[in-house]
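Just below is one structure, and these are the notes that go with it.
The values are calculated or read from the model by the stated rules, or taken from the named source; none is laboratory data. Note that this is a predicted model, so its numbers are computed, not measured. No Cβ is skipped: glycine too gets one built from the backbone with ideal geometry, and neighbour counts run over all protein chains shown.
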Amino acid sequence: MDNSLPQTVGIDISKATLDVFAHPAGDERQFANTVKGHKELVVWLGQWQIDRIAYEATGAYHRRLEQALADLPCVKLNPARARRFAQAAGTLAKTDKIDATILARMAATLQPPVRPAITPRQAKLAELISARDSLVRDKIAVQNQAKNLTIPLLKRQHKHRLDQIDRHIAQVDAEIAVSIAADPALTRRHQIISVPDSEVPQA
């Protein structure tokens, strides 16, 4: 295979390993999902011109890899959409190597837009916001449960839980504020979003 041909690469990400397939070269390789493995992957990819690197969002498992590939054209694919593509292609079997192949061929066929990888600071902010959303859901659930309580002991316990959740939300809010303040672009965006309606210039 001519190494000058642009390659579309699919990566199936698991906790321990990365199964990688390059299309149309047909080369496949497995790397450890570790810092060392990420460096070896980047070196291996260096033999080609890369058109796209496709992978599915896998939460914590893909975040460090995303940072390692920050200088390469990456696309994060929706897992449900990838499954539909595999079904349409007649691929019913499921292994990590097959998944990597499907991701590569899907990206080569559909050519989804390449988006820049998020920075470590943005990844931290996203994790904090997700944690805050979870705490808010917990608070609403506890508040709803408290409406039906009649026993003083249970009422006190629920109040204690609500107070604890409120403290945790305040701590997360403080950390979010620190993260935003440390990033000029995020600070500017936050300032724009935070402008009251009464202060927005009218046309």
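Looking at (1) surrounded by fewer than 16 Cβ atoms within 10 Å (Cβ to Cβ); (2) in the same structural domain as Ala170 (by TED's automatic domain parsing), which one does Ala60 not meet, given that it meets all the others?
Just one mismatch for Ala60, condition (2).
Taking the condition surrounded by fewer than 20 Cβ atoms within 10 Å (Cβ to Cβ), of a type outside the set (A, V, I, L, M, F, W, C), without any contact (Cβ under 8 Å) to a residue 40 or more places away in the chain and closer than 28 Å to Gln122 by Cβ, does Asp27 pass?
Working: surrounded by fewer than 20 Cβ atoms within 10 Å (Cβ to Cβ): yes; of a type outside the set (A, V, I, L, M, F, W, C): yes; without any contact (Cβ under 8 Å) to a residue 40 or more places away in the chain: yes; closer than 28 Å to Gln122 by Cβ: no.
No, not satisfied.
In the range 114-154, which residues are outside any helix (DSSP H, G or I) and either polar (S, T, N, Q) or within 18 Å of Ile11 (Cβ to Cβ) (or both)?
Within the range 114-154, Val114, Arg115, Pro116, Ala117, Ile118, Thr119, Asn148, Thr150 qualify.
For the range 35-46, does any single residue satisfy the condition of being of a type in the set (A, V, I, L, M, F, W, C), closer than 29 Å to Asp183 by Cα and assigned to a helix (DSSP H, G or I)?
Within the range 35-46, the first condition is being of a type in the set (A, V, I, L, M, F, W, C), and the residues that meet it are 35, 41-45.
Pick out the ones that are also closer than 29 Å to Asp183 by Cα and you get 35, 42.
Okay, now just the ones that are also assigned to a helix (DSSP H, G or I), so 35, 42.
The answer is yes, given that some residue of the range 35-46 is of a type in the set (A, V, I, L, M, F, W, C), closer than 29 Å to Asp183 by Cα and assigned to a helix (DSSP H, G or I).
Gln122 - would you say it is under 22 Å from Thr34 (Cβ atoms), at pLDDT below 85 and surrounded by 13 or more Cβ atoms within 10 Å (Cβ to Cβ)?
no
Considering the range 10-31 alone, what residues qualify as being under 18 Å from the mean Cα position of the chain (by Cα) and not acidic (Asp, Glu)?
Gly10, Ile11, Ile13, Ser14, Lys15, Ala16, Thr17, Leu18
Which of the residues spanning the range 20-34 are part of a loop (DSSP other than H, G, I, E, B) and of a type in the set (Gly, Ala, Ser)?
Across the range 20-34, the qualifying residues are Ala25, Gly26.
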